[in-house]
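Written out below as structure tokens is the structure these notes cover.
The values are calculated or read from the model by the stated rules, or taken from the named source; none is laboratory data. This structure is a prediction, so every number in the text was calculated from the model and none was measured. All Cβ positions, glycine included, derive from the backbone under ideal geometry; neighbour counts span all protein chains shown.
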Amino acid sequence: MTNPIKTRRDGGVLEVTLDRPKANAIDLATSRIMGDVFVDFRDDPELRVAIVTGAGEKFFCPGWDLKAAADGDAVDGDYGVGGFGGLQELRDLNKPVIAAVNGICCGGGLELALSTDIILAADHATFALPEIRSGTVADAASIKLPKRIPYHIAMEMLLTGRWLDAKEAHRWGFVNQIHAADALMDQAWEMARMLASGPPLVYAAIKEVVRDAEDSKFQDALNRITGRQLRTVDVLYGSEDNLEGARAFAEKRDPVWRGK
């Protein structure tokens, strides 16, 4: 079987492309492969940023492969270490991940995009949660989307399955940038390289702080940060990079981040 996941590595950036003709739908086997890819990304100290995209120009990902389900893939089957699509349940992923949405992004595909940190979209990209029409629930999106965009817009998408074009998705705030289709990957790589040149220990701390604070009272979350109770914050404040940032500022030069 042809590997449905293609990867490209350049410096500290890993590009992950979902390539399952005709629509880049995800079955159980593909999800497990994606989980393994993202675990390797998480655990490789040389990799700093990942880009997730789909092959072709029409589909980013429509989500769950209904044909595979008809052939016996169980909706509650083994999706692998990171859950569906390898990202949404992957623990301790403290590196930036960019989604480059190159076309139709719906159902579990939208949930995959929402599991990233930054979403760039081609100008022809479209977004929806059509699960309501097949009598099922977009479980991860029901949790994540109301935290990303206004509640009433999230509920409209969940309850009606209505499609949004890239401009509306950008207007409501879950798409960061829109680009011409032929410029999308160049823009994604430009952003990825910019992030890869930044301080990895700070990125790790930011991501852990955001996760920790999500359901906490402000003062409780702040106390955990200032008390160095979060692992990544404690590592950052005791690191060479933390001193390097101060030295570079005092010496009026660009810092050299070593991730330690």
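Just to verify a result, which residue in the stretch 139-174, among those that are aromatic (Phe, Trp, Tyr) and either in contact with a Leu (Cβ under 8 Å, 6 or more places away or on another chain) or not assigned by TED's automatic domain parsing to the domain that holds residue 66 (or both), is modelled with the highest pLDDT? I'd like the intermediate steps shown before the answer.
Pass one, the stretch 139-174, residues aromatic (Phe, Trp, Tyr): 151, 163, 172, 174.
Okay, now just the ones that are also either in contact with a Leu (Cβ under 8 Å, 6 or more places away or on another chain) or not assigned by TED's automatic domain parsing to the domain that holds residue 66 (or both), so 172, 174.
On the way: 172: 96, 174: 92.
This residue is 172.
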Looking only at the stretch 73-82, decide whether some residue is aliphatic (A, V, I, L, M), assigned to a helix (DSSP H, G or I), touching a helix residue (DSSP H, G or I) at 6+ places or on another chain (Cβ under 9 Å) and touching a residue at least 12 places away in the same chain (Cβ under 8 Å).
-> no
Could you say whether any residue in the stretch 190-208 is at negative phi, loosely packed, with under 14 Cβ neighbours inside 10 Å and among the acidic types (Asp, Glu)?
-> yes
Does any residue of the stretch 223-234 turn out to be touching a residue at least 60 places away in the same chain (Cβ under 8 Å) and aliphatic (A, V, I, L, M)?
-> no
Of all residues making up the stretch 168-189, the number that are surrounded by fewer than 15 Cβ atoms within 10 Å (Cβ to Cβ), touching a residue at least 24 places away in the same chain (Cβ under 8 Å) and in a helix (DSSP H, G or I) = 1
Mind checking which residues of the stretch 37-71 are more than 20 Å from residue 113 (Cβ to Cβ) and in a helix (DSSP H, G or I)?
-> 40, 43, 67, 68, 69, 70
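Conditions (1) over 20 Å from residue 100 (Cβ atoms); (2) within 15 Å of the chain's Cα centre (by Cα), marked per residue:
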{"position": "33", "(1), (2)": "no, no"}
{"position": "39", "(1), (2)": "yes, yes"}
{"position": "45", "(1), (2)": "yes, no"}
{"position": "53", "(1), (2)": "no, yes"}
{"position": "58", "(1), (2)": "no, no"}
{"position": "65", "(1), (2)": "yes, no"}
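Only one residue in 228, 224, 253 is under 28 Å from the mean Cα position of the chain (by Cα) and part of a loop (DSSP other than H, G, I, E, B), so which one is that? So that I can check it myself, show each step before the final result.
Working: 224 fails: part of a loop (DSSP other than H, G, I, E, B); 253 fails: under 28 Å from the mean Cα position of the chain (by Cα).
Only one candidate passes the filter, namely 228.
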Restricting attention to the stretch 178-234, the residues that are modelled with pLDDT of 90 or more and aromatic (Phe, Trp, Tyr) number exactly 2
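Going by the structure shown, is residue 7 surrounded by fewer than 16 Cβ atoms within 10 Å (Cβ to Cβ), modelled with pLDDT of 95 or more and of a type in the set (Ser, Thr, Tyr)?
On the way: surrounded by fewer than 16 Cβ atoms within 10 Å (Cβ to Cβ): yes; modelled with pLDDT of 95 or more: yes; of a type in the set (Ser, Thr, Tyr): yes.
Yes, satisfied.
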When you go through 126, 136 one by one, which is the residue that is assigned by TED's automatic domain parsing to the domain that holds residue 46, modelled with pLDDT under 95, surrounded by fewer than 20 Cβ atoms within 10 Å (Cβ to Cβ) and of a type in the set (Ser, Thr, Tyr)?
-> 136
